[in-house]
Every structure is written in structure tokens, then in C-alpha cells.
Amino acid sequence: MEPSQLKSNKQVIHKNPWFLGILLCIFVVSVLASIPIEKRKYGLSQSNLTTDYTGLLPERIKKIVKAGDRSEIQEMVKEANEMGYHISIAGLQHSQGGHTYYKDNVVLDMKTFNKVLEIDKQNQTIKVESGASWEEVQEAIQPYGLALKVTQSQSIFTIGGSLSVNAHGRDIRFGPMAGTVREMTILTPTGEIKTVTRNDSEEWMKYVFGGYGLFGVILDVTLELTENDVYTIHTEELKTNEYEDYFANLIRNDDTSMHYARVSVAPNSFLDEMYVIDYIKTGKVDHKTPLKKERGARIGKLALDIGRQGGSLEDLFWENQKLLIKSLDGDEVTRNNAMRGNSAFMEFTKPGRVEVLQEFFIPVEHYEEYMSDLKRILPPNDKNDDFKIHNITVRYAAKDDYTYLNYAKEDMFGLVILIQHGLKEKEIHNAKTIIQEWTDLTLKHGGGYYLPYYHYQSKEQFRKSYPSWEMFQEEKLIRDPNGVFQNIFYDYYF
Amino acid sequence: MKIISERYVPLVVSVGQVVIFPYYILWLKEVSLTLTLFTWFFAAFSFSAALGYRLFQVGKKPADSFIPYIYMGMGCVYILVGYITSTFEVLPYIALFFQVILGLLQGYHHAWHIEQKSFRLHAINHYLLVGIIMIGLSSVKIISPISFISTFGAILFICGMGLLIKKSKDSSVSN
């Protein structure tokens, strides 16, 4: 071939329609695969307004201090006492009611305070800094064949954050999360570093757990662990009025370690149908199965988005969910993997609307009557309503004697509800009205509601749900006389 | 009639595209989840336009034959953008599809347009018209940029339909 021809061939390759077509196809496919799931911008910011996961309470803050070593944090708390400024403590900010920041004040960002300090295989404990996420803890303990006793169903939260809200998860045997902490080091509001246990006479733990960052900084915790058991998944479809009996049998039978349920919010079976998922012990312990990564988020999100349209599409979503759950029946899963549910697929990014969580606790034996009453206040089909319910999960929350601001005064079912509503003033007001009515109904049945979420409830409802609020406040004033630890949550309720 | 189709319709299309594009970009920005995705949308548009441009150049059919469909296709995309009222979650995927279609059609149209006798004349008119219209639009209180986009889509669609009707009339006369 002559050089001139070669040259002309080189020139035309990028003008070849096939080449251009292939280039375009490759590019489009890679963009399709890279379209992100999450658009929302939330979190700590000094230049813009700071928000938490919901984004409903934007505020300007004065300063963000990344947690360095413990003496630095101690100096900061002492300085706040002297200078009279407030500190809020932030982890991954999944709490949704302004617990992690306060207007024109300082935020202590604990995310960098995340070292695993010690793993004791013999005694099955781990000592870890509080800014570590549960995922980081799982990664550290999985090679030892160990697993957490209690954690949330997702592993995306920080330990400090979860303990500050005294979170609960799918485990039905080990009680509240606070009960699994053997020891911890805290930095008190007056700047002292203390190592405390449950038997500590000053009862620091009782206030720090479920204390929403108002009683000090959790520096590290020693958590009790258990074996990384292998479970067989059992799933079953039930009518709502069969659930109490089903659960009573389940809790009597020691074979089941973890359990949760979902209630239908689809118009055709609204609050009538449920399915349950149980994790039954196989007697095997696992050291090898790797921790699962989040997969299929895009498909999961698409399915959830279809369900979010409401009406017959929500019926379709519920039917598909049931099929999916049925397909899990008989599968084996390790405890660690059962404790790290997917989360990315839940991201909601519609401008002008927000998806929030609420959780209502109801005494176990009131469940049936409560659900039946609930049907009277909620419309089965919310397709054309602004206030939409997308999901109700039922978890078991055992009686909690470890905290003062406790939500489980007896054995409770926690109904975790995913709600969507608009951001206009009247839409927020409408959501508030419905949730307050729902809260009243819950209170009527001897229940209460959870505090890590946006505060739709009134002060009066808060006081009824948490009768020990007064003692909590008194202790706050005694232990934190200068009000060093402050946040929007405290400001609203107290 | 021929003067209108040869001289003024391409001018309407090219001027309209420039005038409407800022409004379309506003919509696209709303849809884009990140700035990266926003720029990728335009990369897809450009690659697609290159293909459209080249497809015109290598086309063996008479150059004019596809032009009405090009206008109607562009019109459909803009009308569809106007019809999407809810910002549901699959919108970025749809926007990417729209970018590819628009790029392809615009590349093809551009390649055709520069070969037209009237193109040199349009160049000056084009800039003047864009400037005047933009100043005019700046005084209109925008209720929704979407209304401009869908109106322009309808104009394009009508242009395409008009050309098709004219073509069928011309062919029946020549028969």
C-alpha cells in the first residue's frame, strides 16, 4: 500500500459511520451503567446550610471539627465550657431530626475516629472507636468467625450514632443494643474522660445510650460478640391477625435467632397481609463466607420506584416482593450477612419531595387491635394523596431497662414506616397532622414512637411517649451545667 | 412554496434550536443527578451528532428525503420533554436517550443544511434572529421552560408535516 493511501485510510477511520456508531454505543452503555442512584446533597457544610439525612432542617453552622485524638476532643469540650459555645456530635447523620447539629455552633465530626482497638477472640469482644461504622466492625471480626449480637439491619451507621439512638435490629434474642456494650469510654460534658460499665454507680451508660449526643462523646466501646452462625431462612405469608400467635410460637422456640416481617401497604391487601422472614439456627459456624456487597441496587431502586407510583403499581410491587421473599425460603446465610441489608436502592431523589422514616412501638399483645384501628385512619390507596406510605417493616424490640429515654417499656413490636410527602408548607402540615393522629392512636394502645426521626409529633405527645423525660432533663442540667452538648432535637422537645 | 421550504424552514429550525436550547438545558440540569452526568449527556449528544453528520454524508438517497422526518423526530423529542411532568427516577435514562436522538438528528440536519444554497444567507440572519428573539424572551415571565420546549417541538413537527405534504403534492403534480 502506498503511503498516501495509508494516510487517507487513517484519516477516514474516525469518520466511518460504523466506528462512530460503535463509539456512541459503548459510551451510552457506560453512561447508563454509571448513572448514580443518589442526587441529594446532605451532610455537614460550613459554606452552605448543614442538613441531616432528611434534609428537612437546614441550618448554618459555625464550625466543623474533625475528631483527631481524644486529648484534642477533650480540649475542645473544656474550651466550650469556658467560652460558652455548644457542640453537636455527628457521625454519618442518618438520624433525621437535627440530632447532629445546632444553629451557629460547632459540630464534632466523629467519622475519622474509627480505629479498631482490640479483638478478643477468647472472650468474644471487640474494642472499637465510636466513629467506626458497623461495616468496619464486621470486616474486622468476620475472619475470626465472630458476629455482632445486635445491630441494625443495615451496616451503614456509626457505632456511636447507633448507641446514641439505642438502635435495634432483627435479632430477637439479645435484647436492646445497649445490653451488648460491656464497657465504654466517654468524654463527659465537663471534659473528663471516664471508662464506664453497666454497673457504674453514676449510671452514665443509661443516659448516653439513647441520649442523642446530649450527655457526652462516646470515645470507644467494648462490644460483646457472638459466633458467626449460619442460618436457614424461613419465609411465610400470613394474615395480619395471625401474626401475634405466630410470633408467640417463634419466641418460645429457641431455634430462631433473627426475625422481621413486612406488612402490605398495597391497596388490595392494605394492612391485611404480611410476610415473615425468620433466621433459623443450623448449628454451623462460618469463618469463610465473605461479607456480601450491595448488589442489584439499580434494579431494586427501579422496582421500588414502581411501587412508589402507588395504586395498581403498588399492588404489583407487593406481589413481586412476596415472590422474591418466597424465593429466599430455604437459603442459608451467615449472621454477619443477615446483618448487612442493602440500602442504596432506597435512595429517593425526587425534587420537591422527601422520604422520611417514622417508627411506632406497640406492645406485642396489642398488635392485632392496633392494626385494625390503623386501617380506620389510613386510606388503603394513597395514589392521589400527597402523603404516601411505601413500606412498613415490623421488628421486635425487647423490654429495655438500660436507658432512661427508653421506647420499649415492655416487649414491643416496632413498626418502621417509610413515608413520602411534599415539601410545601401545607404538605408538611398535612404529614404532621396524619402522623400526630397516628401517634395518638399508638399512645392509646400503650405504645410510643422513636426519636431519631423528624419531629412531627408535638411536645405533649413526646412527654406521653417518654414519661421519664423530666428526669432526663434534670440529669442533663446536672451533668452538663453549661449546656455544652446541644442539638436541634433537644431544642425542640425540652 | 419552494422558497419557504428551502429558505425559511431550515432557518426556523436552526434559530429555534439555539433559542430553545437554554430552556432545554434547564430541564436537563434538573434531570441530571450530578455535574458529571450533565456533561456526559452532552458528550453523548456530540458523539451522536458526529454519527448523524456522517450518516448524511455517506447517504446514497436524495439528501432531502429524510429532512421532514428529521424535523418531526426533533419535534417529537421536544414535545415529549414537555409532556414529562413528573420527575420520576428513570428520567436520567430517558434524558440520555433523548440526547442521543437529538444529537443524531441535529448532526444530520446540520450536514444537510450547510449544503443548501441558502446557508450562507442564513448565517447572518441566524445570529441576528437569535439575538433579537433572546432579548424578546428575556422579557417574558417564564411560567415553565417546558412550555417553550413543547411549543418549539410542535413547530418542528408542523414543519416536518408541511414538508411531507408539499412533497406528496409535488410528486403528484410531476406525475
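Every read-out reported here was derived from the displayed coordinates using simple, explicitly stated rules and does not represent laboratory data. All figures in this text were calculated on a predicted structure; none of them were measured in a lab. Methodologically, a virtual Cβ is constructed for each residue, glycine included, from the backbone with ideal geometry; neighbour enumeration extends over all protein chains shown.
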How large are Rg and Dmax for segment B:73-114 when calculated on the C-alpha trace, in angstrom? 12.0, 39
Multiply the residue separation of B:Leu80 and B:Lys167 by 0.36 nm, subtract the distance between their alpha-carbon atoms, and state the gained length in nm to one decimal. 28.7 nm
Would you mind telling me the antiparallel percentage of the DSSP bridges in chain A, rounded to 5? 90
Find the Rg to Rh ratio for segment A:243-321, where Rh is the Kirkwood radius over alpha-carbon pairs and Rg uses the same atoms. 1.08
Starting at 0 and stepping by 10 Å, how many percent of the alpha carbon pairs of segment A:174-254 end up in each bin? 14, 34, 18, 22, 11, 1
Can you give the log10 of the normalised intensity I(q)/I(0) at q = 0.13, 0.19 Å⁻¹, computed with Debye over equal Cα scatterers of segment A:259-413? -0.77, -1.41
Please give the calculated 222 nm ellipticity per residue for the protein assembly as shown, where each DSSP H segment of at least 4 residues contributes -39500 (n - 2.57) and the sum is spread over every residue; nearest 500 deg cm²/dmol? -14500 deg cm²/dmol
Give the average over all directions of the projected area of the C-alpha convex hull of segment A:331-378, one decimal, in nm². 6.5
Can you sort A:Ile159, A:Ile435, B:Ile94 so the residue with the fewest Cβ neighbours within 10 Å comes first? B:Ile94, A:Ile435, A:Ile159
In angstroms, what radius of gyration and Dmax does the protein assembly as shown have, counting Cα atoms only? 30.9, 106
Over 32 Å (Cα to Cα) - which of A:Lys127/A:Lys281; A:Lys399/A:Lys426; A:Lys62/A:Lys459 fall in this group: A:Lys399/A:Lys426
Label-point gap, in nm, between B:Ser138 and A:Arg198 - each point 7 angstrom along Cα→Cβ: 7.1
Cα gyration tensor category, rounded, prolate or oblate, for segment A:195-241 with a/c compared to 1.5: prolate
I need the semi-axes of the equivalent ellipsoid of segment A:121-212: take the C-alpha gyration tensor, multiply each eigenvalue by 5, square-root it, list largest first in whole angstrom. 22, 14, 13
Restricting things to Cα coordinates, could you compute the convex hull volume per residue of segment A:1-144 in Å³? 260
Among B:Phe97, A:Phe247, what is the fewest-to-most ranking by other Cβ atoms within 10 Å? B:Phe97, A:Phe247
Taking the Cα centre of the protein assembly as shown as origin, work out the dipole magnitude from +1 charges on Lys and Arg Cβ and -1 charges on Asp and Glu Cβ, in debye rounded to 20. 3980
So which of A:Lys63/A:Lys464; A:Lys103/A:Lys194; A:Lys63/A:Lys476; A:Lys111/A:Lys284; A:Lys301/A:Lys424 end up more than 31 Å apart by C-alpha? A:Lys63/A:Lys464; A:Lys111/A:Lys284
Please list the three semi-axes, largest first and in whole Å, of the ellipsoid equivalent to segment A:161-207, using sqrt of 5 times the eigenvalues of its alpha carbon gyration tensor. 23, 12, 8
Cα-centred dipole magnitude for segment A:308-447, charges only on beta-carbon of K, R (+1) and D, E (-1), debye, nearest 20: 420
For A:Asn430 paired with A:Glu460, estimate the spin-label separation in nm (one decimal), with each label point 7 Å from Cα along the Cα-to-Cβ line. 2.5
When the charge dipole of chain A is computed with +1 on Lys and Arg Cβ and -1 on Asp and Glu Cβ about the Cα centre, the Cα farthest towards its positive end, among A:Ile277, A:Asn337, A:Val221, belongs to A:Asn337
Interchain or long-range residues, amide H under 5 Å from A:Tyr449's placed H: A:Phe361
Kindly work out what percent of the DSSP beta bridges joining two residues of segment A:83-215 are antiparallel, to the nearest 5. 70
Which of the aspartates and glutamates could be linked to B:Lys141 by a straight reach, that is with a Cα gap under 13 Å, when you skip same-chain ones fewer than 8 residues away? none
In whole Å, what are the extents of segment A:220-271 along the principal axes defined by its C-alpha atoms, from largest to smallest? 47, 28, 18
Distance between Cα centroids, segment A:38-114 to segment B:83-128: provide it in whole Å. 47
Restricted to Cα positions, what overall size does chain B have along the principal axes? Three whole-Å values, descending. 53, 37, 28
Report the net charge of residues surrounding A:Leu378, where surrounding means a beta-carbon distance below 12 angstrom and charges are Lys +1, Arg +1, Asp -1, Glu -1. -1
Out of B:Gln57, B:Phe97, B:Ile70, whose Cα points farthest toward the positive end of the dipole of chain B (charges: +1 Lys, Arg; -1 Asp, Glu; placed on Cβ)? B:Gln57
Just the Cα atoms of segment A:84-135, one point each, no solvent: what log10 I(q)/I(0) does Debye give at q = 0.14 Å⁻¹? -0.48
May I ask you to list the lysines whose Cα is less than 19 Å away from that of B:Lys29, ignoring any residue fewer than eight positions away on the same chain? A:Lys39, A:Lys41, A:Lys350
Where the Cα pairs of segment A:376-494 fall when distances are cut into 5 Å bins, in %: 2, 9, 17, 21, 19, 14, 10, 5, 2, 1, 0
